[in-house]
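Everything on this sheet refers to the single structure shown next.
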Amino acid sequence: MIILGIETSCDETSISVLKDGKEMLSNHISSQIDIHKEYGGVVPEIASRHHIKNIATIMEISLKEAGITLDDIDYIAVTYAPGLIGALLVGISFAKGISYGRDIPIIPVHHIKGHIYANFLEHKVELPLIALVVSGGHTNIIYLDENHKFTNLGGTLDDAVGESYDKVARVMGLGYPGGPIIDKLAYEGDSNNIPMPEPRVGGYDFSFSGVKTSVINYVNKMNMKQEEYNPADIAASFQTRVVDILCKKTLVAAKEKKVKNIVIAGGVAANSLLRKELLERGKLEGIEVFYPSMIMCTDNAGMIAAAGYYKLKFGDKNKVFANLKLNGIANMEIEED
């Protein structure tokens, strides 16, 4: 089975070719980070234009590297949600065009499920498991059972963790994206120098607004008093608190669900302290922790193709194929399990 993966949910244009759910024949990504840096974040209209400009070329490169043509493709897996609506429409429309012209069925894929399945491309992960989804727009704890059914146990009530990193970096004038910058800077600071609040949020929900606001208030106070502050100490204190919150709740969920495997998914899965802390704390509890390689943490079509494969293998076939005709997916209104 050969699946063509298409991902255009935000600011990466990516197309992949996946064979039999595991063998990645190609996975090309065109990033727009340098384009959006000057704006301090992703500008949706600009992102959409660059997707339109790049997507056909990226597909040609991916097919050539895989050594195949569109005639060899069995299915097209495309991200349909969540994401920037204009960016998503580029990928969906491109997939629909290929589907119509070549009579290839489309598998609509939920972007977050793609991030979770990125781990399955590189590791042998046993189910059931707990997935910690951490990205610029999402923070969730998800239970994945033996039949690949997803249950969302909790999520952020305000800012996503990646969004908080970006805002903290912005107030300190560190640049965009904030996650990698703060992660690196934190190792030069002392996490004990600046107290950070611990949000009192029950269950498996998260709140990072208070931690973010604490940093903003501290920086503004020091600026008003014209006193110097150490950005490295702020980065270390902020990151230590955030990672501690994520680890605690994820491990509690794993123990409650009696699972022995945890996967980290999403852009913030690249955070070095989160990887280290969750791995070490998991070992103490007899729980194995998996995370993707750095390239697979970012938005990429390989993970979308993988999610499409598992949807075909374990999903309700009637649900998967119910809307594959061109008119039926005009708006990609696909019911998710």
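The values are calculated or read from the model by the stated rules, or taken from the named source; none is laboratory data. In this text the structure is predicted, and so the values were computed from the model without any measurement. Positions of Cβ are generated from backbone atoms using ideal geometry, with glycine treated the same way; all protein chains shown enter the neighbour counts.
For the range 276-301, what are the residues that are farther than 30 Å from ALA66 by Cβ and not acidic (Asp, Glu)? Outline the logic, then answer.
Quick first cut of the range 276-301, residues farther than 30 Å from ALA66 by Cβ only: 276-289.
LYS276, LEU278, LEU279, ARG281, GLY282, LYS283, LEU284, GLY286, ILE287, VAL289 - these are the residues of the range 276-301 that are farther than 30 Å from ALA66 by Cβ and not acidic (Asp, Glu).
Table: residues versus (1) buried (at least 19 other Cβ atoms within 10 Å of the Cβ); (2) in contact with a Cys (Cβ under 7 Å, 6 or more places away or on another chain); (3) among the charged types (D, E, K, R).
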position: ALA56; (1), (2), (3): no, no, no
position: SER62; (1), (2), (3): yes, no, no
position: ILE104; (1), (2), (3): no, no, no
position: PRO108; (1), (2), (3): yes, no, no
position: HIS115; (1), (2), (3): yes, no, no
position: ASN119; (1), (2), (3): yes, no, no
position: GLU126; (1), (2), (3): no, no, yes
Of these, ASP233, ASP205, ASP244, which one is closer than 21 Å to VAL289 by Cβ, surrounded by fewer than 20 Cβ atoms within 10 Å (Cβ to Cβ), of a type in the set (D, E, K, R) and out of contact with any Cys (no Cβ under 6 Å at 6 or more places or on another chain)?
ASP244
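Assigned to a helix (DSSP H, G or I) and out of contact with any Lys or Arg (no Cβ under 9 Å at 6 or more places or on another chain), is that true of LYS258? Write out each step before concluding.
Working: assigned to a helix (DSSP H, G or I): no; out of contact with any Lys or Arg (no Cβ under 9 Å at 6 or more places or on another chain): yes.
So LYS258 does not fit the description; no.
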Test each condition in (1) farther than 30 Å from GLU146 by Cβ; (2) aliphatic (A, V, I, L, M); (3) in contact (Cβ under 8 Å) with a residue 60 or more places away in the chain for ALA265 and report the one that comes out false.
(1)
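If the requirement is being under 23 Å from the mean Cα position of the chain (by Cα) and either touching a residue at least 40 places away in the same chain (Cβ under 8 Å) or outside the structural domain of TYR143 (by TED's automatic domain parsing) (or both), which of these qualifies: SER191, SER209?
Values: SER191 fails: under 23 Å from the mean Cα position of the chain (by Cα).
The conditions single out SER209.
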Test set (1) in contact with a helix residue (DSSP H, G or I) (Cβ under 6 Å, 6 or more places away or on another chain); (2) of a type in the set (Phe, Trp, Tyr); (3) at pLDDT 95 or above - TYR143 fails condition number:
(1)
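Return the only residue of ILE46, ILE107, ILE98 being in the same structural domain as GLY21 (by TED's automatic domain parsing) and without any contact (Cβ under 8 Å) to a residue 24 or more places away in the chain.
On the way: ILE107 fails: without any contact (Cβ under 8 Å) to a residue 24 or more places away in the chain; ILE98 fails: without any contact (Cβ under 8 Å) to a residue 24 or more places away in the chain.
Just one listed residue meets the conditions, ILE46.
Only one of VAL252, VAL215, VAL242, VAL211 is outside any loop (DSSP other than H, G, I, E, B), within 25 Å of PHE120 (Cβ to Cβ) and among the β-branched types (Val, Ile, Thr). Can you tell me which? Explain how you work it out, then say what you get.
Numbers: VAL215 fails: within 25 Å of PHE120 (Cβ to Cβ); VAL242 fails: within 25 Å of PHE120 (Cβ to Cβ); VAL211 fails: within 25 Å of PHE120 (Cβ to Cβ).
That would be VAL252, the only listed residue that is outside any loop (DSSP other than H, G, I, E, B), within 25 Å of PHE120 (Cβ to Cβ) and among the β-branched types (Val, Ile, Thr).
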Give the range 288-309 a look and list any residue that's closer than 21 Å to ASN147 by Cβ and out of contact with any strand residue (DSSP E or B) (no Cβ under 7 Å at 6 or more places or on another chain), or say none.
MET303
Got a number for residues in the range 114-164 being free of Cβ contacts under 8 Å to residues at least 24 places away in the same chain and touching a His at 6+ places or on another chain (Cβ under 7 Å)?
0
Based on what the data block shows, is LYS317 in contact with a Gly (Cβ under 9 Å, 6 or more places away or on another chain), modelled with pLDDT of 50 or more, charged (D, E, K, R) and surrounded by fewer than 23 Cβ atoms within 10 Å (Cβ to Cβ)?
no
